[in-house]
Amino acid sequence: ETGVTQSPTHLIKTRGQQVTLRCSSQSGHNTVSWYQQALGQGPQFIFQYYREEENGRGNFPPRFSGLQFPNYSSELNVNALELDDSALYLCASSLLGSGYTFGSGTRLTVV
Amino acid sequence: GIQVEQSPPDLILQEGANSTLRCNFSDSVNNLQWFHQNPWGQLINLFYIPSGTKQNGRLSATTVATERYSLLYISSSQTTDSGVYFCAVDFSAGGTSYGKLTFGQGTILTVHP
């Protein structure tokens, strides 16, 4: 098993900028989900991709968007960054209907 | 939406003590997982346990789906067990998973030497 890898590990951006976070899924997994974790809170579901299409979305505005590629890797894009977007962003992969494996996360700071 | 409640919110133990963490959920689920979040933020999967009982070393978990709760047992705790423990559930509607994990607020465990 190769696990789930995320890049970069840390990132500092200025309010109003755009950011792209990347995730490589665990080998054999066909779904990828993204979560936002604010300090002291549990992770909140952003969206999930299955077979390169969005398969469910949480309560996040459209400036949060994503992509899944044929090799099951994924990107999370956030436009027009706000200070409240500062958080740990976690990627998780799974086979549809089974347990989830999480990456180490990207810690985003918006200043 | 589905509610997930964990208790206790904080737990302080001496090394060697046993503990039980609880997770209550408000609706039928087709996936329940327990995670340990390490100081670097990574969520380590401890158990995938939508029902029944599993054991892995000093850790074990039991989910009683019909009564909508799960328990995580930690025996002979060690300082390396410190961190945040999350319960997360995947809501099912008519047997179809939406693929969304709903997390509880976590239990912060501190184990002193």
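The values are calculated or read from the model by the stated rules, or taken from the named source; none is laboratory data. This structure is a prediction, so every number in the text was calculated from the model and none was measured. Every residue, glycine among them, receives a Cβ derived from its backbone with ideal geometry; neighbour counts consider all protein chains shown. For accessibility, only protein heavy atoms count, side chains too; no ligands or nucleic acids. Shrake-Rupley method; radii C 1.70, N 1.55, O 1.52, S 1.80 Å.
Kindly list the number of the only condition in (1) modelled with pLDDT of 95 or more; (2) over 15 Å from A:S73 (Cβ atoms) that fails for A:W34.
Going through the list (1) modelled with pLDDT of 95 or more; (2) over 15 Å from A:S73 (Cβ atoms), A:W34 breaks only (2).
Tell me yes or no: at least one residue of segment B:9-17 is outside any loop (DSSP other than H, G, I, E, B), farther than 21 Å from B:P113 by Cα and either of a type in the set (A, V, I, L, M, F, W, C) or at pLDDT below 95 (or both). Walk me through it before giving the result.
From segment B:9-17, those outside any loop (DSSP other than H, G, I, E, B) are B:10-14; that's our starting set.
This time we only want the ones that are farther than 21 Å from B:P113 by Cα, so: none.
No, because not a single residue in segment B:9-17 is outside any loop (DSSP other than H, G, I, E, B), farther than 21 Å from B:P113 by Cα and either of a type in the set (A, V, I, L, M, F, W, C) or at pLDDT below 95 (or both).
Restricted to segment A:10-29, and to residues that are within 22 Å of A:S94 (Cβ to Cβ) and more than 10 Å from the chain's Cα centre (by Cα), which residue is surrounded by the most Cβ atoms within 10 Å (Cβ to Cβ)? Full working, then the answer.
So in segment A:10-29, the residues within 22 Å of A:S94 (Cβ to Cβ) come out as A:21-29.
From the residues that got through so far, the ones that are more than 10 Å from the chain's Cα centre (by Cα) too are A:24-29.
Numbers: A:S24: 20, A:S25: 26, A:Q26: 20, A:S27: 11, A:G28: 10, A:H29: 18.
Filtering segment A:10-29 for residues that are within 22 Å of A:S94 (Cβ to Cβ) and more than 10 Å from the chain's Cα centre (by Cα), the one surrounded by the most Cβ atoms within 10 Å (Cβ to Cβ) comes out as A:S25.
Sort out for me the strands (runs of 3 or more DSSP E) sitting completely within segment A:1-81 that have 2 or more residues that are touching a residue at least 24 places away in the same chain (Cβ under 8 Å).
Details: elements: A:5-7, A:10-13, A:19-24, A:31-37, A:44-50, A:53-57, A:64-68, A:74-78.
Passing ranges, in order: A:5-7, A:10-13, A:19-24, A:31-37, A:44-50, A:64-68, A:74-78.
If B:Q33 satisfies all but one of (1) assigned to a strand (DSSP E or B); (2) without any contact (Cβ under 8 Å) to a residue 40 or more places away in the chain, what's the number of the condition it fails?
Only one criterion in (1) assigned to a strand (DSSP E or B); (2) without any contact (Cβ under 8 Å) to a residue 40 or more places away in the chain is unmet by B:Q33, namely (2).
Confirm whether A:V32 is touching a strand residue (DSSP E or B) at 6+ places or on another chain (Cβ under 6 Å), under 27 Å from B:G106 (Cα atoms), crowded, with 17+ Cβ neighbours inside 10 Å and away from chain B (no Cβ under 12 Å). Full working, then the answer.
Details: touching a strand residue (DSSP E or B) at 6+ places or on another chain (Cβ under 6 Å): yes; under 27 Å from B:G106 (Cα atoms): yes; crowded, with 17+ Cβ neighbours inside 10 Å: yes; away from chain B (no Cβ under 12 Å): no.
Against the criterion (touching a strand residue (DSSP E or B) at 6+ places or on another chain (Cβ under 6 Å), under 27 Å from B:G106 (Cα atoms), crowded, with 17+ Cβ neighbours inside 10 Å and away from chain B (no Cβ under 12 Å)), A:V32 does not qualify.
Could you check, for segment B:60-73, whether at least one of its residues is in contact (Cβ under 8 Å) with a residue 24 or more places away in the chain, among the hydroxyl-bearing types (S, T, Y) and open to solvent by 60 Å² or more (accessible area, probe 1.4 Å)? Spell out the reasoning first.
Going residue by residue through segment B:60-73, those that are in contact (Cβ under 8 Å) with a residue 24 or more places away in the chain are B:61, B:63, B:65, B:68-73.
Going one step further and asking which of them are among the hydroxyl-bearing types (S, T, Y), we end up with B:63, B:69-70, B:73.
Narrowing further to those that are open to solvent by 60 Å² or more (accessible area, probe 1.4 Å): B:73.
Checked against the condition, which is being in contact (Cβ under 8 Å) with a residue 24 or more places away in the chain, among the hydroxyl-bearing types (S, T, Y) and open to solvent by 60 Å² or more (accessible area, probe 1.4 Å), segment B:60-73 yields at least one hit.
Open to solvent by 10 Å² or more (accessible area, probe 1.4 Å), away from every other protein chain (no Cβ under 11 Å), over 21 Å from B:G1 (Cα atoms) and touching a residue at least 40 places away in the same chain (Cβ under 8 Å): which single residue out of B:Q78, B:Q55 fits that description?
Values: B:Q55 fails: touching a residue at least 40 places away in the same chain (Cβ under 8 Å).
That would be B:Q78, the only listed residue that is open to solvent by 10 Å² or more (accessible area, probe 1.4 Å), away from every other protein chain (no Cβ under 11 Å), over 21 Å from B:G1 (Cα atoms) and touching a residue at least 40 places away in the same chain (Cβ under 8 Å).
Name the single residue that is farthest from the other protein chains (Cβ to nearest Cβ) among those in segment A:54-111 being of a type in the set (D, E, K, R), open to solvent by less than 60 Å² (accessible area, probe 1.4 Å) and under 16 Å from A:T14 (Cα atoms). Spell out how you get there, then give the answer.
Within segment A:54-111, the first condition is being of a type in the set (D, E, K, R), and the residues that meet it are A:54, A:57, A:63, A:75, A:82, A:84-85, A:107.
Keeping just the survivors that are open to solvent by less than 60 Å² (accessible area, probe 1.4 Å) gives A:63, A:75, A:85.
Subsequent filtering for residues that are under 16 Å from A:T14 (Cα atoms) retains A:63, A:85.
Values: A:R63: 20, A:D85: 16 Å.
Here the residue is A:R63.
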